[in-house]
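The values are calculated or read from the model by the stated rules, or taken from the named source; none is laboratory data. This is a predicted model, so every value here is computed, not measured. Cβ atoms come from the backbone with ideal geometry, glycine included; neighbour counts cover every protein chain shown.
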Amino acid sequence: MKTGIKLKDDLLFQILVNGFLLTVLLVIAIPIWRVFMMSLTPLGYIDDKTFGLWIPPWMWSFEAYKQLLNHPAFIQATLNSTIIMVVGVIISMLLTVPLAYALSNQHLPGRKLITGVILVPFLFQAGLIPTYLVVQRLGLVDNLFAIILPGAVSVYNTLVMKGFFEGLPEELKEAALLDGANELQVMWHVILPLSKPILLTIGLFYAVSLWNEFFTPILYLNKNDLMPLPVLLRNILMAANINEYLEYDAFSNAPIQAFKAASVFITMLPMVIVYPWIQKYFTKGTLLGGVKE
């Protein structure tokens, strides 16, 4: 009798969980689908029945994508965002991995003190004006490194990676040290090959943050040719006249709203493509990388 009740409770729980997840999926998917449909809207198309959620495939127009992807300003902004993301991820990982590995070493002198010092800027931010003055003194204004360097090391990501390294068998490290390897060789040849989940997870965290960086470019970059994609996207969406940022062809076969929707969809597309390839490592990387002392 109890077994039957337990099975019913488990079934009810699964139904509730699946219903909740389905609701979350719809909340996320419907706006994305609507933006995609809007980006394919042909000029003069009037929709009074489906609320922009469906356009017959034979009426789809890719004119907005064609003009955006051929526009110098959009291409330059995409290139700037790509440079910021790629260079930023490389620099951040080169700094985060050694720091996390060093802090995971139980025999590191002053380990707790160093961890405490690292936590101070995580808990207490220096503020906007001091950060701006430091960037200005370094001569990074109107330089893409002004976006990359100030946030190159995330304390949260470092602590998560540190927790993952601490969860790896200590015997592997000790065996490598007994064979004559130094700490750098241990990290490179023993620890990192076993750390693919956390490396991909933290790398994606950095990549998403840098790709979506919006406020920092507005603060430090004044030249239009350095403008990254999120800033251009914001300007396109808020512009009263789209010609302020992109020349709108009077003979175009796509409405202005299609241009705006296409710019939104193209901006989010890289992360949507990359995420499924790395998603399978998320659970293992973040759970095994839980902070522990």
Answer yes or no: is there a residue in segment 45-59 that is in a helix (DSSP H, G or I) and among the aliphatic types (A, V, I, L, M).
yes
Checked against (1) more than 30 Å from Asn222 (Cβ to Cβ); (2) modelled with pLDDT of 85 or more, Ala146 satisfies every condition except (1)
Just the residues that are among the small types (Gly, Ala, Ser), over 30 Å from the mean Cα position of the chain (by Cα) and either at pLDDT 55 or above or assigned to a helix (DSSP H, G or I) (or both), please, taken from segment 238-253.
Ser252
Residue that is nearest to Pro197 (Cα to Cα) [pool: residues in segment 153-174 that are touching a residue at least 12 places away in the same chain (Cβ under 8 Å) and part of a loop (DSSP other than H, G, I, E, B)]
Leu168
Could you grab me the full set of residues in segment 218-236 that are surrounded by fewer than 18 Cβ atoms within 10 Å (Cβ to Cβ) and not in a helix (DSSP H, G or I)?
Asn222, Lys223
So which of Thr78, Thr82 is of a type in the set (S, T, N, Q) and either touching a residue at least 12 places away in the same chain (Cβ under 8 Å) or closer than 30 Å to Gln185 by Cβ (or both)?
Thr78
Could you check Glu171 against (1) touching a helix residue (DSSP H, G or I) at 6+ places or on another chain (Cβ under 6 Å); (2) surrounded by fewer than 20 Cβ atoms within 10 Å (Cβ to Cβ) and say which number it fails?
(1)
Tell me, please, whether a residue that is surrounded by fewer than 21 Cβ atoms within 10 Å (Cβ to Cβ) and more than 15 Å from the chain's Cα centre (by Cα) can be found in segment 195-204.
yes
Does segment 135-146 include one or more residues that are surrounded by fewer than 19 Cβ atoms within 10 Å (Cβ to Cβ), free of Cβ contacts under 8 Å to residues at least 60 places away in the same chain and of a type in the set (D, E, K, R)?
yes
Within segment 14-51, considering residues that are at pLDDT below 85 and among the hydrophobic types (A, V, I, L, M, F, W, C), the one surrounded by the most Cβ atoms within 10 Å (Cβ to Cβ):
Leu43
